[in-house]
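Here's the structure we're looking at; comments come further down.
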Amino acid sequence: MAEEDNDAIIRVRDITVQFGETRVLDGLNLDVKRGEILGFVGPSGAGKSVLTRTIIGLVPKVSGSIEVFGVDLDAASSSQRRAVERRWGILFQQGALFSSLTVRQNIQFPAREYLRVSQRLLDEIMVAKLVMVGLKPEVADRYPSELSGGMIKRVALARALALDPELVFLDEPTSGLDPIAPAISTNWCAPCSALWG
C-alpha cells in the first residue's frame, strides 16, 4: 500500500454499475481520507446516489472493489461487515424513517441494534441528537406522518449521527430544509469524514 493511501478510509477501485443496458458508473476510482469531507454534484440520474448505495452494499456492482476502514467488503465475514457498519451513519435522500416508529424510536434504532445500554442513556442520546439538528425534544413521540418534510430530514440526520460515526454518507442532506437548517447540518461533521452527494 502506498504511503499516501494510508489515511484513506474509503477506497473504491474500478467500480462498474449498470442497470440493464445502461452503465451508470464505469471504472470509477475514489479515495476518501480520514477527516475529509467530499461532496459531488451532477444532474439527476448522473449516479450520485448509485455510488453511495453501491459503497454501502445496497446496489450490486458489475466489477471492482470497495474497501472501508481497510476491510474489503466483498471478502468480509458478516461480523467484519457488521463492525464496519457500526462505524458509519447514513442519511438517505428521502429520510427513510420507519413509519411505524416514533421519532424517539427511529433515532434510538442504531443504538439498540449495536449497543447494550439503559433506556435512560438511549433517551439522553436521542435528546442530544435532536438538539444537534435543531429540533426540540418535544417532537420525540411524534410519528413520521406527523412531521414536515424538513423535520423528517433532520430526524433522519439525527439517526445517522446516533452512534457518533467516524464516517457519514449524506444523500442530498439539505434538500427540503428551510434556509436556517442547511447551516445547522453543515456544522456537525468536523471530527468525522463524509461522502456528500
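Tabulated data for the structure shown
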read-out	value
Inter-label distance, nm, simple model (7 Å from Cα along the C-beta direction), SER118/ARG13	4.8
Burial ordering of GLU138, GLU113, fewest other beta-carbon atoms within 10 Å first	GLU138, GLU113
Integer Hz, Karplus 6.51/-1.76/1.60 couplings in order for the stretch 26-31, x for Gly and Pro	9, x, 6, 10, 7, 10
The stretch 1-85, relative contact order [Cα under 8 Å, separation at least 6], %	32
Gained length - ARG142 relative to ALA128, 0.36 nm times residue gap less alpha-carbon distance	3.3 nm
Exposure proxy ranking, count of Cβ atoms within 10 Å, fewest first, for ASP31, ASP141	ASP141, ASP31
Rg over Rh [alpha-carbon atoms, Kirkwood Rh] for the stretch 1-111	0.99
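Read the figures in this text as sums done on the coordinates, not as results from a lab. Keep in mind it's a predicted model, so treat the numbers as computed, not measured. Using ideal geometry, Cβ is built from the backbone for each residue, glycine included, and neighbour counts are taken over all protein chains shown.
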